[in-house]
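Since the structure comes first, as C-alpha cells, the remarks are kept for the end.
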Amino acid sequence: MKEQKRNKIQIYFDILQLLCRESKLSAKSCPTRVAHEANLPYDRFQKCLDHLILLSMVSRGPEGKLVVTSKGVEFIDEYQKIVDFLSRMGLLP
Amino acid sequence: MSVEALIASEFISAALALILVYFFFRTYRLTRSIYLLGLPFGFSFLAFSYVFLGMSLIYEKNVAISESFLWLRLITQSFGFAFVAFAYYFSSKSEKTTKYSFGLISLVSIISILLFFGALAVAPPCMELPSVNVTDEYFRVMNLFFLGYVIYYLVKHFEPSHRAISGLIWAPLAFSFLWLAQYSSLIWGIDGSQTAFVLAHVARLASLILFIRIYYLSRRA
C-alpha cells in the first residue's frame, strides 16, 4: 500500500514522539537514530530540530542531550487528541 | 410548535454550529491540512442559515423581508452542506489538495452566490421567479445528496479494526440525523405534516449535539 506523504506538522509530531521515547529509554538521545526512525535524511532532520528548538519545543540539556520541553509535550498531547477527533469523524486520509 | 419555540430552536442551532466552527477551525490550525477547512466553512454557512431562518420568523409579518431571509437561508444551507461534503471528498485526496484548489472552490462558491443574488436583483419584475417554498424543495434534494455522499463515504471507510466500533459510530449517526432533518423538512414542505416538522428540528439539534459530543469524547480519550 502506498504510504501517505506526511506534512510538516506530522513530521514534527513524529520527531517529538521519538525524542520522548528516546529520553525514556536511554540517558543520551542519539539524533542519528531518531532521524532514521523518523524516516528523514539527516540534514532535513537537523533543520526540523533547529525549528523545534526555535519554537521552544525541544531544548538541549546537559551534555547536549535533546529534551522535549513541556511545550513540546503539550503539542504531542494536543495533536494526538486532534488525530483521535479526526479519526472519529472519519476524516483521516 | 409556537413561533417563539421555532426562533429559539434556530438560534440554539446557530450557537451549536458556531461552537463546531471553533472546534473544526482549531483542528485545522493544528494540522494545517487544507481539506479540513471545508468543515469550519461548512458549519459557518449552516450557522448563518439557521440565523436567517430565525430572522425570517421574526419578520414573518413583513413578507418581502421574510422571503429575502428565506432565500438567504436556502443558499447558505446548501453551501454549508456542499463544503462539508467537499471536506470528505478531499480527505481521501489530501495529497493532491493544495491551498489553491481549495481557494478556487471557495472563490467559485462565493462568486456563484453573488451571481445568484445579482440575478435575483436585476431580474425584470415581469419575470416570474419560482416561489421560495418551491425552490426550497429542490435545494433540500440537493442537501440530501450532499449528506448522502458523506454518509456513504463514512460507511465505505468504516474500519472497526482501527478502534472500538463505539468510537466510530457517532459521526455516521450525527450525519444520519442531519439527513433525517432535511428529509423531514422535505416531507413537511410537500404534505405539511406536523410530525415531520417537529422531527426535522429535533433531528437537527440532536445531530449538532452529537458532533459536539464526538469532540469531547476525543478530548477525554
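Every read-out reported here was derived from the displayed coordinates using simple, explicitly stated rules and does not represent laboratory data. Since the model is a prediction, treat every value here as computed from it, not as a measurement. Note that we place each Cβ from the backbone using ideal geometry, even for glycine, and neighbour counts take in every protein chain shown.
For the protein assembly as shown, build the convex hull from the C-alpha positions and give me its volume per residue in Å³. Display every interim value, and only then the final one.
Working: hull volume 50.1 nm³, N = 314.
Given the Cα convex hull of the protein assembly as shown, per-residue volume reads 160 Å³.
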Share of alpha-carbon pairs per 10 Å distance bin for segment B:131-215, given as whole %: 18, 42, 27, 10, 2
Dipole of the protein assembly as shown, positive end: most advanced residue of B:Ala206, A:Leu25, A:Tyr12 [Cβ charges, Cα centre]: A:Leu25
Stretchable slack from B:Glu4 to B:Arg213, in nm (0.36 nm times residue separation minus alpha-carbon distance): 72.6 nm
Label-point separation, A:Lys65 to A:Arg33 (7 Å along Cα→Cβ), nm: 1.3
Distance (nanometres) between label positions extended 7 Å along Cα→Cβ at A:Tyr42 and B:Asp191: 7.5
Net charge dipole size for chain A [Lys, Arg +1 and Asp, Glu -1 on Cβ; Debye, nearest 20]: 140
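If we count every other residue with Cβ under 11 angstrom of B:Leu70's Cβ, Lys/Arg +1 and Asp/Glu -1, where does the sum land? Mind dumping the intermediate values first?
Numbers: positive: B:Arg73; negative: B:Glu60, B:Glu67, B:Asp136.
Here the charged neighbours net out to -2.
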Alpha-carbon Debye profile of chain A, log10 I(q)/I(0) at 0.11 Å⁻¹: -0.33
Dipole magnitude of the protein assembly as shown about its Cα centre (Cβ charges: Lys, Arg +1; Asp, Glu -1), debye to nearest 20: 1400
Residues whose placed amide H lies under 5 Å from that of A:Val58, excluding near-sequence neighbours: A:Ile53, A:Thr69
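Over all residues in B:171-182, what is the mean tally of Cβ atoms on other chains that come within 10 Å of each residue's Cβ? If you can, show how the numbers build up before the last one.
Details: counts 5, 1, 0, 1, 2, 0, 0, 0, 0, 0, 0, 0.
For this peptide, the per-residue mean of nearby foreign Cβ atoms is 1.
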Extreme residue, positive dipole direction of the protein assembly as shown, given options A:Phe85, A:Gly61, B:Leu115 (C-beta unit charges): A:Gly61
Förster-model FRET efficiency, 22 Å R0, B:Phe158 and B:Ala206, C-beta, rounded to 0.05: 0.60
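Looking at segment A:1-73, which GluC sites (Glu not before Pro) are in a loop (DSSP not H, G, I, E or B) and have at most 15 other Cβ atoms within 10 Å?
Numbers: sites: A:Glu3, A:Glu22, A:Glu37, A:Glu63; in loops: A:Glu3.
Loop-located and lightly packed - A:Glu3.
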